[in-house]
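What follows is a single structure, written as structure tokens, with notes after it.
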Amino acid sequence: MATTQTFGGGVHPREIGNGKSATQSQQIVNVPAPARVTIAMVQHAGAPAVCCVKVGQTVNMGQVIGEAQGTISAPVHASVSGKVVALTTCTAPNGSTVPAVVIENDFEDRWDESVKPVANADSLTGPQIASIAASCGIVGLGGAAFPTAVKLNTSGADIKPDTLVINGSECEPYLTSDHRLMLEKAPAIVDGIVLAMKATGVSKALVGIEDNKQDAIEAMRQAAKDGIEIVPLPTRYPQGAEKMLIYALTGRSVPKGALPSAVQCVVLNVATCAALSAAVREGRPLIERVVTVAGRVAKPANYCVRIGTSLLDLVELSGGLADGVRKLVIGGPMMGNAASTLNLPITKNFGGFLALGEEAISAEESACIRCGRCARACPVNLGPAKIDSLVRKGSYDAAIAAGAVYCMECGSCSFVCPAKRELTQSVRMAKAIAKSKKS
């Protein structure tokens, strides 16, 4: 059995208002496909997909409309059948403007001929499983959207993995989409884990689930198969970060700047595993995902929604915004991005939407009091106050040298700061400027 460890730093964010309780007991709602979808060509880590359809062209559901470019990339598929009516741009969850394809839905849900059940799926080799994940556009659904095929293809790795680490912790406040998936789709998740074990050549999988989800722990234990261990973890943020999760489950520390492969681990999210199962068993590309809509909306819920659906449609389905909304957030309250509009399409890395009120408005900053709370909360042992000071002085190179590049932007430092300093934002600025200098 796994012996759980306690990672350094981290916080336990207070659940503001009704938090997770608003949606964790509600079944996932399947949302009908909208009249139009706007599908971004950039919804994964790595190189953007390149559009391969034209205006006026009829497309089928599951058809490739954006071709992957290079090793770290992923194809993009039509989430409805219908006609391409525009090649345009849209706003991504991180606020950037990216190319997009607009499809007018014919409501026939006509699958492309390439989408069909995989024959003899249980006899597939590891490379074949990875190849299916690549062609079906499977990416990490925990937020990073890293192409799953790259993780599964370990044939040429210098260090062979021995452990598959599965993230079911869902440590951000409010978000419950993974929780509901574990309750409603545990067999599919486990099947995806089994396939990922075969692809990576490991014999052991550890599924970390925080102990505030006892029903999910029990559901996953009932579905688990040989070699898969369900491990309850203390509720602590950012438990779901891959380095923290690896340490919590295995006791192995991933060196700064290194990947999980350095300690013989491969990390996948539970939703990614369910998508992998559908891809391998049914040939289904990733054209839908579960999104939590919570906070100050009339009816918080988890929705299974087609990629390209407008966020505005989901908010209207939830009864609209309630009074007192002061901030819109894509993702969770700790690591999410502020949004200025509801006119955003759902993408593969769109895990949640929050409408927040006064609780989201930061108090006025004051001078750093050198209390050290930010350093104690930092899960990667940085000095956030020092980095913040350097950034405010314009010493960006010095901030990078002080470790800003290793920050995972979890927000723990800003959360505990009694002076309400925007510590995480300073790190983001240092990273952005360093990146612009390289380009």
Item to complete: Quick one: in the stretch 96-141, of everything that is of a type in the set (D, E, K, R) and farther than 12 Å from Lys198 by Cβ, which residue is modelled with the lowest pLDDT?
Response: Lys116
Discussion item. Being of a type in the set (Lys, Arg), in contact with a strand residue (DSSP E or B) (Cβ under 9 Å, 6 or more places away or on another chain) and assigned to a loop (DSSP other than H, G, I, E, B) is the requirement here; does Lys420 meet it?
Written reply: no
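So that you can scan it fast, the table gives a plain yes or no per residue for (1) farther than 10 Å from Val427 by Cα; (2) hydroxyl-bearing (Ser, Thr, Tyr); (3) modelled with pLDDT of 95 or more:
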site: Leu354; (1), (2), (3): yes, no, yes
site: Glu358; (1), (2), (3): yes, no, no
site: Ser362; (1), (2), (3): yes, yes, no
site: Ala375; (1), (2), (3): yes, no, yes
site: Lys386; (1), (2), (3): yes, no, yes
site: Ser395; (1), (2), (3): yes, yes, no
site: Ala401; (1), (2), (3): yes, no, no
site: Val405; (1), (2), (3): no, no, no
site: Met408; (1), (2), (3): no, no, no
Discussion item. Condition first: open to solvent by 40 Å² or more (accessible area, probe 1.4 Å) and either under 24 Å from the mean Cα position of the chain (by Cα) or among the hydroxyl-bearing types (Ser, Thr, Tyr) (or both). Now tell me which residues in the stretch 417-439 satisfy that.
Written reply: Glu422, Gln425, Arg428, Met429, Lys431, Ala432, Lys435, Ser436, Ser439
Worksheet item: Just checking, which of Thr97, Thr88, Thr38 is in contact (Cβ under 8 Å) with a residue 12 or more places away in the chain and exposed (fewer than 14 other Cβ atoms within 10 Å of the Cβ)?
Response: Thr88
Worksheet item: Of all residues in the stretch 178-194, which are open to solvent by 20 Å² or more (accessible area, probe 1.4 Å) and under 24 Å from Leu259 (Cα atoms)?
Response: Val194
Worksheet item: Within the stretch 348-388, restricting attention to residues that are in contact (Cβ under 8 Å) with a residue 40 or more places away in the chain, in a helix (DSSP H, G or I) and among the basic types (Lys, Arg), which residue is nearest to Gly10 (Cα to Cα)?
Response: Arg376
Worksheet item: Just to be sure, is Leu175 crowded, with 22+ Cβ neighbours inside 10 Å and either in contact with a Pro (Cβ under 7 Å, 6 or more places away or on another chain) or part of a loop (DSSP other than H, G, I, E, B) (or both)?
Response: yes
Practice prompt. Would you point out the residue of the stretch 353-374, among those that are surrounded by fewer than 19 Cβ atoms within 10 Å (Cβ to Cβ) and under 30 Å from Ser318 (Cα atoms), that is farthest from the chain's Cα centre (by Cα)?
Written response: Ala363
Worksheet item: Taking the stretch 266-309 on its own, how many of its residues are closer than 19 Å to Thr347 by Cβ, outside any strand (DSSP E or B) and of a type outside the set (Val, Ile, Thr)?
Response: 10
Worksheet item: If you scan the stretch 146-164, which residues turn out to be within 27 Å of Ile346 (Cβ to Cβ), touching a Gly at 6+ places or on another chain (Cβ under 9 Å) and open to solvent by less than 40 Å² (accessible area, probe 1.4 Å)?
Response: Pro147, Thr148, Leu152
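Quick test for you: out of Val280, Val315, Val305, Val266, pick the one residue that is crowded, with 24+ Cβ neighbours inside 10 Å, under 28 Å from Val101 (Cα atoms) and in contact with a Leu (Cβ under 6 Å, 6 or more places away or on another chain).
Answer to the check: Val280.
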Practice prompt. Might you let me know whether the stretch 233-246 holds any residue that is open to solvent by 20 Å² or more (accessible area, probe 1.4 Å), in contact (Cβ under 8 Å) with a residue 12 or more places away in the chain, touching a helix residue (DSSP H, G or I) at 6+ places or on another chain (Cβ under 7 Å) and part of a helix (DSSP H, G or I)?
Written response: yes
Practice prompt. Please state which one of Leu141, Leu152 is closer than 20 Å to Ile230 by Cβ and either in contact (Cβ under 8 Å) with a residue 24 or more places away in the chain or in contact with a strand residue (DSSP E or B) (Cβ under 6 Å, 6 or more places away or on another chain) (or both).
Written response: Leu141
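The values are calculated or read from the model by the stated rules, or taken from the named source; none is laboratory data. Everything numeric in this text was worked out from a predicted model, so none of it was measured. Neighbour counts run over all protein chains shown; Cβ positions are idealised from the backbone, glycine included. Side chains included, ligands, DNA and RNA excluded: accessible areas come from the protein's heavy atoms. Shrake-Rupley method; radii C 1.70, N 1.55, O 1.52, S 1.80 Å.
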